[in-house]
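Worksheet for the structure shown next.
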Amino acid sequence: MTSSFPKDFLWGGAIAANQAEGAWNVDGRGPAKTDVTTGGSVDAPRFVTYIDKDGNPGKAPAMGHNGIIPEGAKYAVLDNEYYPNHLGVDFYHRYKEDIALLAEMGFKVFRLSISWSRIFPNGDETEPNQAGLDFYRKVFEECHKHGIEPLVSMWHFDTPLYLEENYGGWGNRKLIDFYVHYAETIFTEYKDLVKYWLTFNEINNTVMFLDMFGASASDEAFQDGYQQLHYQFVASARAVKSGHAINSDFQIGNMICGITFYPATCDPKDVLANRHKWEQGIYYCGDVQTKGKYPTFAKRLWKEHNVALDITEQDLEDLKEGTVDMYTFSYYMSNNVTTHADQEQVAGNFSTGAKNPYLTYSDWGWGLDPLGLQYYLEKVYDRYELPIMVVENGLGAFDTVEEDGSIHDDYRIDYYSPHIQAMEAAIENGVDLRGYTTWGCIGLVSAGTGEIRKRYGFIYVDVDDKGQGSLERSRKDSFYWYKKVIASNGGDLD
């Protein structure tokens, strides 16, 4: 029952607005790209839908560098398609019930995101949507009523669709000013309700996805990707600086998609390829946001794809002055890196590389690797020496509701327990770990596949992949287990 976790450790869970809230066109909210994104599965991709310049409906891949709609087309909701994010799990109307359940588990922190287009429906307005501001104020007040600290992501893959269509999204420098205005608005509005903020969710996914598609991603795609990232880096840095001016007690972090990479063999080519994978996928974004400058290997990465960035001297000054206070990341899996074509490959949702014979894999192809979490924690803390939070970690799995309504998800407990042990080992080895928010503490729409049946977390929501169901919440076995974990500060994992 003894525990190495700090006595004020922040135990909790996480959701995202576009995956849980629903109410996609309610109370003045504008659309985001997720609202024109269909459902999918582990075997079938999600698509974005549109009407082309001749009035014909169409679909383009939702993920990856080739998800581009035709010139002159407009994103559109089509009558014959299902869009799971329109409903989510209706957190918008059931937040009080949901937060009460989190409080019952003993949550110390609840990570959630603000939908940018709920505050600024188009993204470029001067005045915010008051109904959107009021909604999140009520949510944060409800959290505090139960003694729960909000941890707020300011952008979780939900740029207002108007900015995508009319400005070209993050490929346009103008989005920096729009984002900073949005950030300053919510910082000011909630300066007494929110202490912990994250600027961009899994910001490194841009280069991760490009790398995932390998040779099929053109130099032009890399140019666009690195340029978008640069504008996001500057926007993040300027927001951090503004946030600290608005409330010096704010703790503002980055957020990295954390994947532990291993060389698949001891071939020096694999070892070097693995180092380069860390540099491109993990360190590139982490270094800019924590150190305030591009790393030395950035020039090599740009040169590989003939990238020439639009960078001003003011940008470089902004990056230097807007470094984050803490390093946060998601962790679900590890990947093997190899230069050998004969290695068995992983086939799954956002999983790439050689199959690791020492690991088991989830139904969605993710390598289950708790020790990889300890490895990642120790590696990035050694590099950055900043407070750390693990802000996403969880298992997507098929849950079965028994006749009596119970849900026996021992497999989820078996997943979480060794990951918590890995965090404790990292703490014992000197890592300054402050918090842990499991992913999908309330059921939600999977970002990758658009499924609900890919169930996460402790609270089951009665809704299926077509939006059918009562939306009633029920407690899984893992709900009671996590309650015990929190009460014992990580000491009781049985």
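The values are calculated or read from the model by the stated rules, or taken from the named source; none is laboratory data. Quick caveat: nothing in here was measured; it's all calculated off a predicted structure. All Cβ positions, glycine included, derive from the backbone under ideal geometry; neighbour counts span all protein chains shown.
Please verify whether Lys53 is in contact with an Asp or Glu (Cβ under 8 Å, 6 or more places away or on another chain) and within 30 Å of Phe479 (Cβ to Cβ), treating the condition exactly as stated. Break it down into steps so the answer makes sense when it comes.
Numbers: in contact with an Asp or Glu (Cβ under 8 Å, 6 or more places away or on another chain): yes; within 30 Å of Phe479 (Cβ to Cβ): no.
Spelling it out, it is not the case that Lys53 is in contact with an Asp or Glu (Cβ under 8 Å, 6 or more places away or on another chain) and within 30 Å of Phe479 (Cβ to Cβ).
For Lys241, all conditions in the list (1) more than 17 Å from Val380 (Cβ to Cβ); (2) without any contact (Cβ under 8 Å) to a residue 12 or more places away in the chain hold save one; what is the number of the exception?
(2)
Among the numbered criteria (1) surrounded by fewer than 17 Cβ atoms within 10 Å (Cβ to Cβ); (2) under 19 Å from Met389 (Cβ atoms), which one does Thr328 miss?
Only one criterion is unmet by Thr328, namely (1).
Give the residues of the stretch 12-30 that are surrounded by fewer than 22 Cβ atoms within 10 Å (Cβ to Cβ) and either among the polar types (S, T, N, Q) or at negative phi (or both), sorted by residue number.
Keep residues of the stretch 12-30 that are surrounded by fewer than 22 Cβ atoms within 10 Å (Cβ to Cβ), which gives 23, 25-28.
Of everything in the stretch 12-30, those that are surrounded by fewer than 22 Cβ atoms within 10 Å (Cβ to Cβ) and either among the polar types (S, T, N, Q) or at negative phi (or both) turn out to be Asn25, Val26.
Scan the stretch 204-225 and tell me whether some residue there is touching a residue at least 60 places away in the same chain (Cβ under 8 Å), buried (at least 23 other Cβ atoms within 10 Å of the Cβ) and outside any helix (DSSP H, G or I).
yes
Scanning the stretch 336-356 for residues that are among the hydrophobic types (A, V, I, L, M, F, W, C) and not in a loop (DSSP other than H, G, I, E, B), which turns out modelled with the highest pLDDT? Spell out the reasoning first.
Here is the first cut: in the stretch 336-356, the residues among the hydrophobic types (A, V, I, L, M, F, W, C) are 337, 341, 346-347, 350, 354.
In the following step, the residues that additionally are not in a loop (DSSP other than H, G, I, E, B) were identified as 337, 354.
Values: Val337: 93, Ala354: 81.
Per the stated criteria, the residue is Val337.
In this structure, does Phe157 turn out to be in a loop (DSSP other than H, G, I, E, B) and crowded, with 18+ Cβ neighbours inside 10 Å? Full working, then the answer.
Working: in a loop (DSSP other than H, G, I, E, B): yes; crowded, with 18+ Cβ neighbours inside 10 Å: yes.
Against the criterion (in a loop (DSSP other than H, G, I, E, B) and crowded, with 18+ Cβ neighbours inside 10 Å), Phe157 qualifies.
Can you say whether Ala447 is among the small types (Gly, Ala, Ser), modelled with pLDDT of 95 or more and over 14 Å from Ile413 (Cα atoms), as far as the supplied structure shows?
Values: among the small types (Gly, Ala, Ser): yes; modelled with pLDDT of 95 or more: no; over 14 Å from Ile413 (Cα atoms): yes.
No.
Could you tell me which of the residues Ala426, Ala397 is hydrophobic (A, V, I, L, M, F, W, C), closer than 23 Å to Gly372 by Cα and under 22 Å from the mean Cα position of the chain (by Cα)? Walk me through how you get there before you give the answer.
On the way: Ala426 fails: under 22 Å from the mean Cα position of the chain (by Cα).
Ala397 is the lone residue from the list that is hydrophobic (A, V, I, L, M, F, W, C), closer than 23 Å to Gly372 by Cα and under 22 Å from the mean Cα position of the chain (by Cα).
Here's a check for you: in the stretch 350-405, which residue that is among the hydroxyl-bearing types (Ser, Thr, Tyr) and under 30 Å from Glu149 (Cα atoms) is surrounded by the most Cβ atoms within 10 Å (Cβ to Cβ)?
As a first pass, look at the stretch 350-405 and keep what is among the hydroxyl-bearing types (Ser, Thr, Tyr): 351-352, 358, 360-362, 375-376, 381, 384, 400.
Subsequent filtering for residues that are under 30 Å from Glu149 (Cα atoms) retains 375-376, 381, 384.
Details: Tyr375: 17, Tyr376: 24, Tyr381: 19, Tyr384: 19.
Across the stretch 350-405, the extreme among qualifying residues is Tyr376.
Filter the stretch 362-415 down to residues that are among the hydroxyl-bearing types (Ser, Thr, Tyr) and assigned to a helix (DSSP H, G or I) and give me whichever is farthest from Phe479 (Cα to Cα). Even if it seems obvious, please write down each step before you answer.
Our first condition is that a residue be among the hydroxyl-bearing types (Ser, Thr, Tyr); within the stretch 362-415, this holds for 362, 375-376, 381, 384, 400, 406, 411, 415.
Add one more test, that the residue is assigned to a helix (DSSP H, G or I), and what stays is 375-376, 381, 384, 411, 415.
Details: Tyr375: 27, Tyr376: 27, Tyr381: 30, Tyr384: 34, Tyr411: 13, Tyr415: 14 Å.
Residue satisfying both the conditions and the ranking: Tyr384.
Within the set of pairs 6+ apart or on separate chains, which have a first residue in the stretch 174-198 that is modelled with pLDDT under 95, a second that is of a type in the set (D, E, K, R) and assigned to a helix (DSSP H, G or I), and C-beta atoms under 9 Å apart?
From residues that are modelled with pLDDT under 95, there are no pairs.
Looking at (1) within 23 Å of Cys441 (Cα to Cα); (2) touching a Phe, Trp or Tyr at 6+ places or on another chain (Cβ under 7 Å); (3) among the polar types (S, T, N, Q), find the lone condition where Asn122 falls short.
Asn122 satisfies all of (1) within 23 Å of Cys441 (Cα to Cα); (2) touching a Phe, Trp or Tyr at 6+ places or on another chain (Cβ under 7 Å); (3) among the polar types (S, T, N, Q) except (1).
Residues of the stretch 263-305 being surrounded by fewer than 19 Cβ atoms within 10 Å (Cβ to Cβ), in contact (Cβ under 8 Å) with a residue 60 or more places away in the chain and not in a helix (DSSP H, G or I), which ones?
Thr265, Asp267, His305
Just to confirm my filter: which strands (runs of 3 or more DSSP E) fall fully inside the stretch 1-119 and include at least 2 residues that are among the hydrophobic types (A, V, I, L, M, F, W, C)? Steps first, please.
On the way: elements: 10-14, 47-51, 57-61, 109-113.
In the stretch 1-119, the matching strands (runs of 3 or more DSSP E) lie at 10-14, 47-51, 109-113.
Taking only pairs six or more apart or across chains, which ones have beta-carbon atoms under 7 Å, a first residue in the stretch 401-423 that is under 9 Å from Pro370 (Cα atoms), and a second residue that is among the small types (Gly, Ala, Ser) and buried (at least 16 other Cβ atoms within 10 Å of the Cβ)?
Within 7 Å, the pairs are Ile420/Gly490.
Confirm whether Lys466 is basic (Lys, Arg), over 26 Å from Tyr327 (Cα atoms) and in contact (Cβ under 8 Å) with a residue 24 or more places away in the chain. It would help to see each step written out before you state the result.
Working: basic (Lys, Arg): yes; over 26 Å from Tyr327 (Cα atoms): yes; in contact (Cβ under 8 Å) with a residue 24 or more places away in the chain: yes.
Criteria met by Lys466.
So which of Ser478, Ser474, Ser488, Ser446 ends up being among the polar types (S, T, N, Q), over 29 Å from Gly253 (Cβ atoms) and touching a residue at least 40 places away in the same chain (Cβ under 8 Å)?
On the way: Ser478 fails: over 29 Å from Gly253 (Cβ atoms); Ser488 fails: over 29 Å from Gly253 (Cβ atoms); Ser446 fails: over 29 Å from Gly253 (Cβ atoms).
After ruling out the rest, the residue left standing is Ser474.
If the requirement is being more than 21 Å from the chain's Cα centre (by Cα) and within 28 Å of Tyr482 (Cβ to Cβ), which of these qualifies: Leu151, Leu133, Leu87, Leu101?
Only one candidate qualifies: Leu101.
Condition first: out of contact with any Ser or Thr (no Cβ under 9 Å at 6 or more places or on another chain) and surrounded by fewer than 22 Cβ atoms within 10 Å (Cβ to Cβ). Now tell me which residues in the stretch 435-466 satisfy that.
Answer for the stretch 435-466, where residues must be out of contact with any Ser or Thr (no Cβ under 9 Å at 6 or more places or on another chain) and surrounded by fewer than 22 Cβ atoms within 10 Å (Cβ to Cβ): Gly448, Asp464, Lys466.
Of the residues Lys59, Lys108, Lys96, which is under 30 Å from Asp8 (Cα atoms), in contact with a Phe, Trp or Tyr (Cβ under 6 Å, 6 or more places away or on another chain) and either without any contact (Cβ under 8 Å) to a residue 40 or more places away in the chain or of a type outside the set (A, V, I, L, M, F, W, C) (or both)?
Sole residue among the options that is under 30 Å from Asp8 (Cα atoms), in contact with a Phe, Trp or Tyr (Cβ under 6 Å, 6 or more places away or on another chain) and either without any contact (Cβ under 8 Å) to a residue 40 or more places away in the chain or of a type outside the set (A, V, I, L, M, F, W, C) (or both): Lys108.
I need the full set of residues from the stretch 316-335 which are within 18 Å of Leu229 (Cα to Cα) and either not in a strand (DSSP E or B) or not aromatic (Phe, Trp, Tyr) (or both), in order please. Break it down stepwise before answering.
Of the residues in the stretch 316-335, the ones within 18 Å of Leu229 (Cα to Cα) are 316-324, 327-329.
Residues satisfying the conditions are Leu316, Glu317, Asp318, Leu319, Lys320, Glu321, Gly322, Thr323, Val324, Thr328.
Among the numbered criteria (1) in contact with a helix residue (DSSP H, G or I) (Cβ under 7 Å, 6 or more places away or on another chain); (2) at pLDDT below 95, which one does Asp219 miss?
Just one mismatch for Asp219, condition (1).
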